[in-house]
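A.B. asks: One structure, pasted below without further comment.
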Amino acid sequence: MFVVHFYDHKNEVLNQLLQRVPEVGENLKLKGRKGKVESVLAVDEKTYHVQVTLEAKAKPGVTADPGKKKKK
C-alpha cells in the first residue's frame, strides 16, 4: 500500500492510500474532474507526490430568460 498525494500546481487536491502508484501520462479522475499525470516523485518507499493537470471547471453561465424584462 502506498500513500499518494495528488497536486495541481502547488495545491494538494487529494491524498489516498492506493495499491499501485499512477504512471506518467495516465488519465485519471479526481473528485469528479478529469486529469492527466505529469510527474511522479517518490518521497520515501511508501509516499509519493503526483503532479496532475486537471481540466478547468466550467463556470455556470447566466441564461437570460426572454420572458423577463429588464428593470429600470
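Values quoted throughout were computed directly from the atomic coordinates according to the rules given, and no laboratory measurement underlies them. All values derive from a computational prediction rather than experimental measurement.
A.B. asks: Would you pull out the residues with amide H under 5 Å of GLU26's amide H, same chain only if 5 or more places away, H placed 1.01 Å from N?
C.D. replies: VAL37
A.B. asks: How large is ³J(HN,Hα) for each residue in the range 22-29, as worked out from phi by the Karplus curve 6.51 cos²θ - 1.76 cosθ + 1.60 (θ = phi - 60°), to whole Hz, x for Gly and Pro?
C.D. replies: Values per residue, Gly and Pro as x: x, 9, 5, x, 6, 8, 8, 10 Hz.
A.B. asks: Related question: Could you give the spread of the C-alpha atoms of the chain along their three principal axes, from largest to smallest, in whole angstroms?
C.D. replies: Here the Cα extents, ordered largest to smallest, are 66, 20, 18 Å.
A.B. asks: Output the relative contact order of the chain, whole-number percent, from Cα pairs under 8 angstrom with separation of 6+ residues. It would help to have the intermediate numbers written out before the result.
C.D. replies: Working: 118 pairs, mean separation 21.1, N = 72.
Relative contact order of the chain: 29 percent.
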